[in-house]
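Q: Quick one: this structure, given as structure tokens, is what I'll be asking you about.
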Amino acid sequence: IIGYSARLLKSNCFRTAASNTSFPAVWMLLAQYSGRVPGLFVVVKKNNFFTMPETVEDKANLELYLPHPEVRGMTRLNREAFKRTVVVPVLKVKKEIVNTLLKSLKHTVLQRPGLKRVVEDPEDEDSRLVILDPHKISEFSLGESDREVLKQLNVHPEVSKYNLELTYENFKSEEILRAVLPEGQEVTSGFSRVGHIAHLNLRDHQLPYRHLIGQVIIDKNPGITCVVNKTNIIDSTYRNFQMEVLAGESNLVTKVKENNITYELDFSKVYWNPRLSTEHGRIVELLKPSDVLFDVFAGIGPFAIPAAKKKCRVFANDLNPESYSWLLHNCKLNKVDNKIKAFNMDGRDFLLGPVREELSRELPLLKEEQKTSFHIVMNLPALAIEFLDVFQHFLAGEPCSAAGLPTVHCYGFSKHDDPAKDVRERAEASLGTSLDGRCSTYLVRNVAPNKEMLCISFQIPAEVLYKRPCPDGGKEPLGHLDFGLHLLLFQARPTLLALWTTPAVWQ
């Protein structure tokens with residue numbers, strides 16, 4: 001990959017395209033080439049969540065971007081303490097040519113959100129003061145090109161000093177936090193937006209300032225009226241977590257919109273992650289009208305509801321009674337309650353009950369020319385792979401056509417150096433068969449340093465899915481009677497397993 005990328009970067013066609021292109025755009029060019037280059041893989045990451053950047057737009061230690069130094073160590077927000085006056089360069093201009101001047105000197109004029117570029121001239125009501133960017137004006141003196149522009153507009157090139165008052169409203173959130181928290185420590189933190197709620201995962205050193213951080217986020221992000229911090233990991237049976245309200249209202253019932261579909265939920269009682277929006281859309285895109293979707297860990301319906309909107313038949317399940325309740329609510333909200341059969345069961349019981357029953361009824365009736373596909377989504381990355389053993393000898397009778405075999409989309413976490421290989425091997429161990437050449441893995445997102453979330457997709461092999469018929473002696477295959485030996489053989493040598501489970505080898 002590296003070698004090919006290097007040759008690509010050296011090529012004339014690429015240099016021509018990239019010569020006047022920004023760095024992010026160069027990666028977009030690489031991404032375009034990746035589809036045509038075997039083995040070249042480029043991830044173009046799209047953020048579906050809101051962050052406070054690690055650094056301000058310019059590292060220069062200029063007063064214009066620094067709150068008052070006395071705010072350092074503040075734990076209760078005092079907006080008045082951020083007031084300060086700084087000296088900035090200005091040009092005196094007749095008010096009738098202000099707009100022309102702003103266009104002509106757009107690279108020199110101050111471009112700072114929240115700050116006026118033009119202010120009243122206290123000495124002349126017919127003139128205005130245009131504030132210049134102190135980054136661009138060295139020692140309050142204009143460059144030759146700017147002087148030429150002013151000469152054409154008949155404006156005196158003298159740069160004056162102006163006392164500009166800055167307040168809390170003029171500073172960005174990361175600038176405020178950088179000024180408040182201890183110097184040298186990481187001061188910023190990404191947050192997920194869930195409706196009117198901002199969800200934080202603060203570090204230990206940030207906790208003494210948590211209420212101030214929460215209030216700053218509300219002040220600087222229109223529409224956010226509640227900020228919460230996760231206080232434990234997601235380790236409960238129902239995939240929710242404890243949280244503390246840091247600032248704003250305590251109402252955690254909210255409304256979100258994902259892929260043009262509206263959901264309502266109680267964020268304190270159900271699982272919702274806006275970072276999975278793209279993955280929800282990717283799976284739904286694989287479905288065709290008339291396909292059947294079994295959603296084993298459905299939550300409030302981000303797979304199930306858009307699939308039903310696509311005219312698929314949907315069976316959706318979640319163990320959490322709150323998730324089940326909001327699933328029903330969102331089905332009605334989106335007018336698909338008559339297209340989704342909802343269940344409140346353990347995932348394994350759901351697979352062994354409604355899923356097995358439906359597949360047992362539908363697959364024998366499936367004709368070769370029919371294009372209905374069956375998909376089983378298992379989005380419980382901490383545990384889902386452990387559920388795959390349920391598919392061993394899941395159905396009885398003659399195997400259906402290869403095209404009719406259900407496709408599983410199973411999610412898992414991995415801290416392995418090769419996460420795709422790790423997830424595949426764990427899935428193979430649960431199924432008791434090799435998936436080599438019969439599966440695909442997709443990197444969903446990076447969850448934490450050295451921890452990835454992946455999706456492995458595969459059609460359940462017929463030799464796994466179907467219980468073999470017994471010979472006249474009434475004895476079942478050894479592979480079915482002794483799965484422990486079956487798995488040992490697979491781990492030792494997959495070819496031995498294939499031989500062991502042929503119809504000729506019986507107990």
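Q: Which GluC sites (Glu not before Pro) does the stretch 81-124 hold that lie in a coil by DSSP with at most 11 other beta carbons within 10 Å?
A: Answer by residue number: GLU123.
Q: Continuing with the same structure: Full extension from HIS205 to ARG348: what is 0.36 nm times the residue separation minus their Cα-Cα distance, to one decimal in nm?
A: Working: separation 143, 0.36 × 143 = 51.48 nm, distance 4.15 nm.
Full extension from HIS205 to ARG348 adds 47.3 nm.
Q: Okay, next question. Where nothing but the Cβ of Lys and Arg (+1) and of Asp and Glu (-1) is charged, how large is the charge dipole of the stretch 98-185 around its Cα centre, in debye to the nearest 20?
A: 420
Q: Can you tell me the FRET efficiency between GLU186 and THR262 if r is taken as the Cβ-Cβ distance and R0 is 45 Å, rounded to the nearest 0.05? Can you show the working numbers first?
A: Working: r = 36 Å, r/R0 = 0.80.
Result of the calculation: an efficiency of 0.80.
Q: How high is the relative contact order of the stretch 378-425? Use alpha-carbon pairs under 8 Å, at least six apart in sequence, and give a whole percent.
A: Once normalised by length, the contact order is 53 percent.
Q: Pick out, in residue order, every one of the trypsin sites (Lys or Arg not before Pro) in the stretch 182-230 that is DSSP loop and has at most 11 other C-beta atoms within 10 Å; say none if there are none.
A: ARG203
Q: What's the extension gain from ALA402 to GLU148 if we count 0.36 nm per residue and subtract their Cα-Cα distance?
A: Full extension from ALA402 to GLU148 adds 83.8 nm.
Q: Counting only protein heavy atoms and a 1.4 Å probe, tell me what percentage of the stretch 314-427's accessible area is made up of carbon and sulfur.
A: 50
Q: Please report, in cubic angstrom per residue, the volume enclosed by the convex hull of the alpha-carbon atoms of the stretch 289-339.
A: Roughly 54 Å³ of hull volume per residue.
Q: Ranked from the most accessible area to the least, with a 1.4 Å probe and all protein chains present, what is the order of TRP326, TRP272?
A: Final ranking, largest accessible area leading: TRP326, TRP272.
Q: I need the peptides 316-325, 410-419 ranked by packing, meaning the mean over residues of other C-beta atoms within 10 angstrom, with the highest value on top.
A: Values: 316-325: 22.0, 410-419: 18.0.
Ranked from most to least packed, the peptides come out as 316-325, 410-419.
Q: Once you sort the root eigenvalues of the Cα gyration tensor of the stretch 295-406 as a ≥ b ≥ c, which label holds: rounded (a/c under 1.5), prolate (a/b larger than b/c) or oblate (the other case)?
A: It is oblate, given that a/c is not under 1.5 and a/b is not larger than b/c.
Q: Picking from VAL130, VAL187, THR85, whose Cα lies most toward the positive end of the charge dipole for the stretch 78-195 (charges on Cβ: Lys, Arg +1; Asp, Glu -1)?
A: Value: VAL187.
Q: Given Cβ point charges of +1 (Lys, Arg) and -1 (Asp, Glu) and nothing else, what value in debye, to the nearest 20, does the dipole of the stretch 331-453 about its Cα centre take?
A: Using only the charged Cβ atoms, the result is roughly 540 debye.
Q: Could you tell me the convex hull volume per residue, in Å³, taken over the Cα atoms of the stretch 373-413?
A: 66
Q: While we're on this one: Averaged per residue, what accessible area in Å² does the stretch 285-419 show with a 1.4 Å probe, protein chains only?
A: Accessible surface, normalised per residue, equals 44 Å².
Q: As I understand it, the dipole of the stretch 141-188 uses +1 on the Cβ of Lys and Arg and -1 on the Cβ of Asp and Glu, about the Cα centre. Which of LEU150, ASN163, ILE176 lies farthest toward its positive end?
A: The Cα lying farthest towards the positive end belongs to LEU150.
Q: Calculate, in nm to one decimal, what LYS136 and ASP337 gain on full extension: separation in residues at 0.36 nm each, minus their alpha carbon distance.
A: Stretched out fully, the LYS136 to ASP337 stretch lengthens by 66.3 nm.
Q: Rounded to the nearest Å, what's the spacing between the alpha carbon centres of the stretch 281-296 and the stretch 81-152? Just the number, please.
A: So the two Cα centres are separated by 57 Å.
Q: How many percent of the accessible area of the stretch 82-130 is carbon or sulfur, using a 1.4 Å probe?
A: On the way: 1310 of 2830 Å².
So the carbon and sulfur contribution to the accessible surface is 46 percent.
Q: Show me the chymotrypsin sites (Phe, Trp or Tyr not before Pro) within the stretch 69-172 that DSSP assigns to loop and that have at most 16 other Cβ atoms within 10 Å of their Cβ.
A: On the way: sites: PHE82, PHE140, TYR162, TYR168, PHE171; in loops: PHE140, PHE171.
Qualifying residues, ordered by number: PHE140.
The values are calculated or read from the model by the stated rules, or taken from the named source; none is laboratory data. If you're wondering where the values come from, they're calculated on a predicted model, not measured in any experiment. Every residue, glycine among them, receives a Cβ derived from its backbone with ideal geometry; neighbour counts consider all protein chains shown. Keep in mind that these areas ignore ligands, DNA and RNA; they rest on the heavy atoms of the full protein, side chains included. Shrake-Rupley method; radii C 1.70, N 1.55, O 1.52, S 1.80 Å.
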